[in-house]
Amino acid sequence: MNRLLVCPPDHFKIAYEINSWMHVEVAADQALARVQWDTLMAVLEKDCGAKLERMAPAREVPDMVFTANAAAMSRRTAILSRFRFAERQPEEAYFERWFLEHGFTVEKLPEGMFFEGAGDLLGFDSLKIGGYRQRTDIRAYQHVCRMIDCEIIPVELIDPRFYHLDTCFCPLAGGEVMWFPPAFDEYGQEAIRHRLPESKRIEVPEDEAYRFACNAVSIGAHVVLPEGCPITMGMLAAHGYIPHAVGLSEFLKAGGAAKCLTLALD
Ligand code: ARG
C-alpha cells in the first residue's frame with residue numbers, strides 16, 4: 001500500500017452540492033487547501049514512506065482531488081468508477097487515461113449502474129466490504145467480485161453524512177478496522193461484527209467520526225487522519241500504530257479528508 005495516486009488541488013473548490021457537507025456558500029479557501037494538501041503529501045512521503053504518483057488536475061472537475069473515487073484496484077487492474085452524479089462523471093475519462101498510460105488494465109462495469117471505487121470498496125486481500133445505496137449500487141458488487149475474484153460483503157450506508165464507506169470504515173495494515181457503527185444499518189453492523197472479531201474493531205466516538213476520523217490513510221504502522229481526533233489517535237497508539245494528524249478543514253467542506261485524497265495503487 002505504498003504507492004498512492006493523488007491529484008493536486010489547483011482547481012479544487014465547492015462548485016456544486018452533491019453531498020450533505022457541501023454548501024456552495026461555504027467556499028474552500030484555495031490557498032489554505034493548497035497548504036493542507038502539501039502538508040498531507042509531505043507527511044505521507046517523508047513520515048510514512050509513501051511513493052506519490054501525481055496526476056494532472058483539470059479545471060472542469062474540482063473534485064478530482066479525491067482520487068479514492070477513481071477506481072477499485074486489484075493488482076494491475078483498475079475497475080473504473082461510474083460516478084452517480086453528472087458533476088463528477090467527466091473525471092472517469094481522466095482517470096481512465098492515467099491508468100492506461102501507467103500500464104494498468106482498465107475494466108468497466110456494465111452501463112446503468114454506479115460504482116465509486118475505493119471510496120466504497122475497502123478491505124483486506126481475501127475479504128472486502130462494499131458500501132452501497134448513497135453512491136454505489138448494490139448490484140455493481142456482483143460484477144466487481146467476479147472481476148477481482150474476492151468475497152465482497154455489501155453493507156448499506158444509512159446516514160447522509162457518511163455517504164461513502166471510507167467516511168465511516170477504515171481497514172488498517174495490521175488487520176484491524178476503525179469504524180463508526182451508526183453509519184450502517186443493523187444488518188450491516190452485524191455482518192461486520194460477524195466477520196471481524198472484537199479485538200480487531202476500533203470504534204471511533206461520534207464527534208470524531210463527524211471529523212472524519214475514519215477517513216485515514218493506513219501505511220504499515222502509520223495512520224494519517226484529520227486533526228481533531230485525539231481519542232481515535234490514542235486508540236490507534238494503543239494498538240501499536242503511529243498516528244499522524246493533518247489539518248484538512250478545506251477538504252472537509254467538500255465531504256472528504258485524508259483517505260479520499262489518495263488511491264492506493266498496490
Ligand atoms: N465532493 C466529493 C463527492 O461528493 C467528495 C468525495 C470524497 N471521496 C471519498 N472517497 N469519500 O463526491
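Show me the strands (runs of 3 or more DSSP E) entirely contained within segment 127-238 in which 1 or more residues are aromatic (Phe, Trp, Tyr).
Output list reads 127-132, 169-171, 177-179.
I'd like to verify a number: residues in segment 16-42 that are of a type outside the set (S, T, N, Q), in a loop (DSSP other than H, G, I, E, B) and surrounded by fewer than 17 Cβ atoms within 10 Å (Cβ to Cβ), how many?
Summing the residues that are of a type outside the set (S, T, N, Q), in a loop (DSSP other than H, G, I, E, B) and surrounded by fewer than 17 Cβ atoms within 10 Å (Cβ to Cβ) in segment 16-42 gives 8.
Tell me whether segment 4-27 contains one or more residues that are closer than 21 Å to ARG82 by Cβ, touching a strand residue (DSSP E or B) at 6+ places or on another chain (Cβ under 6 Å) and of a type outside the set (Phe, Trp, Tyr).
There is at least one residue in segment 4-27 that is closer than 21 Å to ARG82 by Cβ, touching a strand residue (DSSP E or B) at 6+ places or on another chain (Cβ under 6 Å) and of a type outside the set (Phe, Trp, Tyr).
Take the residues of segment 28-53 that are touching a residue at least 60 places away in the same chain (Cβ under 8 Å) and among the aliphatic types (A, V, I, L, M): which is farthest from ARG84 (Cα to Cα)?
Filtering segment 28-53 for residues that are touching a residue at least 60 places away in the same chain (Cβ under 8 Å) and among the aliphatic types (A, V, I, L, M), the one farthest from ARG84 (Cα to Cα) comes out as VAL43.
Name the residue that is farthest from the ligand (Cβ to nearest atom), counting only residues in segment 49-69 that are part of a loop (DSSP other than H, G, I, E, B) and closer than 17 Å to ASN2 by Cα.
GLY49
Any chance segment 9-16 includes a residue that's on the phi < 0 side of the Ramachandran plot, more than 13 Å from the ligand (Cβ to nearest atom) and among the charged types (D, E, K, R)?
Yes; the residues of segment 9-16 include at least one that is on the phi < 0 side of the Ramachandran plot, more than 13 Å from the ligand (Cβ to nearest atom) and among the charged types (D, E, K, R).
Out of segment 88-118, which residues are part of a helix (DSSP H, G or I), more than 23 Å from ILE129 (Cα to Cα) and not hydrophobic (A, V, I, L, M, F, W, C)?
GLU91, TYR94, GLU96, ARG97, GLU101
Might you let me know whether segment 73-85 holds any residue that is small (Gly, Ala, Ser), away from the ligand (no atom under 15 Å from the Cβ), within 18 Å of the chain's Cα centre (by Cα) and part of a strand (DSSP E or B)?
yes
Throughout, read-outs are computed from the coordinates displayed, never taken from laboratory work. Not measured: the values here are computed from a predicted model. A quick note on method: Cβ atoms are made from the backbone with ideal geometry, for glycine too, and the neighbour counts reach across all protein chains shown.
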